[in-house]
1. Return the pair list, or none, for Cβ contacts closer than 9 Å from residues in region 407-433 that are at pLDDT 95 or above and among the basic types (Lys, Arg) to residues that are crowded, with 19+ Cβ neighbours inside 10 Å and not in a loop (DSSP other than H, G, I, E, B), at least 6 apart or on different chains.
2. Looking at Tyr206, Tyr257, which is the one that is in contact with a helix residue (DSSP H, G or I) (Cβ under 7 Å, 6 or more places away or on another chain), under 20 Å from Asp410 (Cα atoms) and among the aromatic types (Phe, Trp, Tyr)?
3. For region 264-283, name all the residues that are in contact with a Lys or Arg (Cβ under 8 Å, 6 or more places away or on another chain) and of a type outside the set (A, V, I, L, M).
4. Which of the following residues is over 13 Å from Val5 (Cα atoms), over 26 Å from the mean Cα position of the chain (by Cα), in the same structural domain as Phe137 (by TED's automatic domain parsing) and charged (D, E, K, R): Lys60, Lys56?
5. Could you please find all residues in region 359-379 being surrounded by 19 or more Cβ atoms within 10 Å (Cβ to Cβ) and in contact (Cβ under 8 Å) with a residue 40 or more places away in the chain?
6. Inspect all residues belonging to region 206-224 and state whether any of them is of a type outside the set (Val, Ile, Thr) and in contact with a Lys or Arg (Cβ under 6 Å, 6 or more places away or on another chain).
7. Among helices (runs of 4 or more DSSP H) lying entirely in region 230-307, which contain 2 or more residues that are of a type in the set (A, V, I, L, M, F, W, C) and crowded, with 21+ Cβ neighbours inside 10 Å?
Amino acid sequence: MKIAVVGTGYVGLVAGACLAESGNNVTCIDSDTGKIEGLKKGKIPIYEPGLDDLVKRNTKEGRLRFTTNLKEGVQSSLLIFIAVGTPPNDDGSGDLSAVFAVAKDIATAMDDYKIVITKSTVPVGTTRRVKEIISGFTDHEFDVASNPEFLKEGTALTDFMKPDRVVIGTDDVRVAEIMKELYAPFVRTENPIIVMDIESAEMTKYAANTLLATKISFMNEIANLCEQVGANVENVRRGIGADKRIGYQFLFPGVGYGGSCFPKDVKALIKTAESAGCELRIAKTVDEVNFAQRERFFQKIYDYFNGDLKGHKIAMWGLAFKPGTDDMREAPSVTIINRLLEHGVEVNVHDPKANEVAKSIFADRISYFDDAYAALEGAEALILVTEWPEFRSPDFQRMKKLMKKSVIFDGRNLYNPAKLREMGFTYYGIGRS
């Protein structure tokens with residue numbers, strides 16, 4: 001099929017590359033000339049495992065191309081995916097200005113029948129609004145559909161190529177059949193393509209992310225209670241996760257969720273409900289608990305130093321909101337570093353992929369290290385925030401020699417508390433008595 005993807009951010013670039021990999025002719029469109037020129041040269045603006053090779057291979061084989069010419073991309077395609085950003089407004093609602101601007105541009109570029117698909121995460125009613133906008137600027141026949149993405153950063157290629165399910169929101173049987181044909185190569189193991197009305201498709205994305213965020217915040221609440229009553233949250237997690245109705249996924253306590261999806265989508269769902277005259281009390285609490293968890297973790301550090309943090313050197317391992325990405329949007333590390341800086345702490349940081357991103361946030365206010373052990377030299381404590389695989393089994397004896405004080409604040413419960421205490425470390429985890 002001939003496909004246009006408008007927007008070469010995380011969702012658009014992954015979708016475009018994966019659709020090209022299955023044999024489609026894909027044109028990725030973006031108004032950022034620098035980004036497009038870079039992509040033509042094989043420069044990938046984001047870190048996602050495997051994406052670099054996928055883009056280069058499909059570009060070389062002629063199935064994937066990049067342009068700033070929206071008109072050309074629209075007119076050469078049947079399916080047009082809108083995958084531009086929908087950042088949060090100050091009130092938590094999604095900023096849909098880019099989506100609506102693209103809808104108008106698509107309409108003025110149309111020269112034949114098109115199917116316009118919202119791939120961006122958008123509130124209920126957005127796709128209908130896109131249809132209204134396009135109708136106001138063209139007489140050509142077209143249809144709209146909603147096709148929310150369910151990509152996890154760090155495993156996005158697998159998520160797209162081997163999806164748990166594909167959700168398609170449309171009112172037209174013809175559109176549904178075309179979309180089924182498009183996604184057929186990705187669901188050969190019989191995972192479902194679920195066709196529904198447009199509004200339900202839009203809601204499905206928000207509901208899924210909010211439910212997953214709820215599991216995280218719930219476990220963080222349980223972890224906090226475990227600390228107060230002397231229970232071990234790791235035992236509790238194993239005990240409840242064995243229940244097949246619950247499962248183990250997203251039951252790991254920590255310093256809270258971050259990234260471009262969960263924080264934004266939870267807030268947007270709350271705002272959608274408010275606009276509809278409905279209060280989502282659980283979702284509100286999920287959001288509150290998530291950000292309170294970061295402060296609670298910082299408080300452990302504050303209390304250890306008896307409230308006198310000024311002039312102390314503290315190292316941090318992990319900056320990205322999760323392993324497998326360089327994304328620091330809404331990352332717990334940002335909140336914790338800002339609190340440390342407020343109290344005059346000298347902060348050393350290391351992340352396998354996110355150091356450069358961190359420089360755009362903190363500039364020279366913190367010190368960056370390409371080597372994890374180098375960041376520990378002279379540090380009076382280590383804060384572990386992101387559970388990168390290389391942090392799981394470090395050389396603790398080497399760490400102890402490098403650090404001024406042998407103190408670890410483990411924000412992901414990676415380490416064995418008993419073992420570390422035997423080695424002379426002071427250890428603080430999440431929900432461990």
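1. Arg412/Leu384; Arg412/Phe391
2. Tyr257
3. At the first step, the residues of region 264-283 found to be in contact with a Lys or Arg (Cβ under 8 Å, 6 or more places away or on another chain) are 265, 270.
Correct list: Asp265 only.
4. Numbers: Lys56 fails: over 26 Å from the mean Cα position of the chain (by Cα).
Among Lys60, Lys56, only Lys60 is over 13 Å from Val5 (Cα atoms), over 26 Å from the mean Cα position of the chain (by Cα), in the same structural domain as Phe137 (by TED's automatic domain parsing) and charged (D, E, K, R).
5. Residues satisfying the conditions are Ala372, Ala375, Leu376, Ala379.
6. no
7. Ranges flagged: 262-275, 281-304.
Residue-by-condition table, conditions (1) touching a Cys at 6+ places or on another chain (Cβ under 7 Å); (2) among the polar types (S, T, N, Q); (3) surrounded by fewer than 22 Cβ atoms within 10 Å (Cβ to Cβ); (4) at pLDDT 95 or above:
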position	(1), (2), (3), (4)
Leu79	no, no, no, yes
Gly94	no, no, no, no
Lys114	no, no, no, yes
Thr127	no, yes, no, yes
Asp139	no, no, yes, yes
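The values are calculated or read from the model by the stated rules, or taken from the named source; none is laboratory data. Note that the structure is predicted; figures quoted are calculated from it, not measured. Cβ coordinates were reconstructed from backbone atoms using ideal geometry, including for glycine residues, and neighbour counts include every protein chain displayed.
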